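Just so it is clear, none of the values below were taken in a lab; they were calculated from the coordinates. None of these values were measured; they are calculated from a predicted model. As a convention, Cβ positions derive from the backbone with ideal geometry for all residues, glycine included, and neighbour counts pool all protein chains shown.
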Amino acid sequence: MTQPQPSPPARSAVEAQAGLRRPGKARTGKGWAWAAGIVGAGIPAGLLWWLLAPGGQNLISGNSALSSGTNSEGWLPRDLVLAGLFVFAGCLVAVLLSGRRDGGTRRLLLLSVAASAAAAVLAWQTGVLAGHLLGGPQDTSANASVAFSLRSLTVLVLWPAAVASGFFVLRIIGLLRASVDQGQDGGA
């Protein structure tokens, strides 16, 4: 005679809200597809950087004086365009991550931050490659920044930092909203 299998213990409300999973029940396929989507977003971000920034197609300012790489006044705006794209992309990833049903897992958050770092590097290299292939030839003997490039490499930290900080802020807001809702339900 076989013994009936004991039912697994019920998850507490705290575990369910935090998105904690039982060992052995993790789905790895969806996490890697999520990370691949983030990394893949680096390619259009790099192309968009080249289209918008001075030294590339210069679609934001349209100032022809800034479009030449020999004008050092265009170097900072070129880096700032990429910084703005990275902050926007990081905030977008944080919002999408917090909206997922399984978005509360630490594993998925760490995977998102790591994928965002890889996407930032991919975007940077895609923009530099687009500048090399699609831009005019540049004489970089005076300074390497004459070619379409990134002068401040710390800009690469902005995408993963925006994911982590944005997710943190959204999580705090969600917890505050839940405590207010719980307080209103308890008072009724």
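Note on A144/R106: beta-carbon distance plugged into 1/(1 + (r/R0)^6) with R0 of 41 Å gives a FRET efficiency of 0.55. Remark on the range 149-188: hydrodynamic radius 12.6 angstrom, per the Kirkwood mean of 1/r across alpha carbon pairs. Protection proxy ranking for 149-157, 119-127, 90-98, using the average of other Cβ atoms within 10 Å per residue and placing the highest first: 119-127, 90-98, 149-157.
Here, the range 44-100 is characterised by an Rg to Rh ratio of 1.13, where Rg is the alpha-carbon radius of gyration and Rh the Kirkwood radius.
Hull volume per residue, based on the alpha-carbon atoms of the range 30-185 and their convex hull, is 112 Å³.
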